[in-house]
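Worksheet for the structure shown next.
The values are calculated or read from the model by the stated rules, or taken from the named source; none is laboratory data. Remember, predicted model here, so these are calculated numbers, not experimental data. Cβ placement follows ideal geometry from the backbone for every residue including glycine, while neighbour counts extend to all protein chains displayed. Surface accessibility is based on the protein's heavy atoms, side chains included, excluding ligands, DNA and RNA. Shrake-Rupley method; radii C 1.70, N 1.55, O 1.52, S 1.80 Å.
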Amino acid sequence: QVQLVESGGGLVQPGGSLRLSCAASGSIRSIQTMAWYRQAPGKQRELAATITSGSSTNYADSVKGRFTISRDNAKNTVYLQMNSLKPEDTAVYYCNADLFLERRPSLRRYWGQGTQVTVSS
């Protein structure tokens, strides 16, 4: 039906950068808000950043000024540029999308499978 596929995770040294991508595919009529969450070991999943269909953005205080969320509506893709990475940014990063399916009236939320980001020297 709908798939969200993340990519771009990996191992990076403190102070380094990574760019995550999340591409949505399937019977999609339109995508509203897209977001990145993250879950560190032993912790609850937390919101990192959101972006609306009009490209308004919002960030958690912990990532503000270091992370940038963006989207390409033509490609149904959301990105997370992560700079000045810290060890405490280590987590599995998940994207989600609130979207309308073709021929369906209800807004639904879909999640990606997650991509590991490890910040370590």
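Apolar share of the accessible surface for the chain: 45 percent from carbon plus sulfur atoms, 1.4 Å probe. Shown in residue order for the stretch 105-121 are the 3J(HN,Hα) couplings computed by the Karplus curve 6.51 cos²θ - 1.76 cosθ + 1.60 at θ = phi - 60°: x, 8, 6, 10, 10, 10, 10, x, 8, x, 9, 7, 10, 10, 10, 7, 8 Hz (x for Gly and Pro). For the stretch 20-121, the Cβ-based charge dipole about the Cα centre amounts to some 260 debye (Lys, Arg positive; Asp, Glu negative; other atoms uncharged). Of 42, 26, 16, the residue with the greatest mean-square motion in the GNM of the chain, using alpha carbon springs below 10 Å, is 42.
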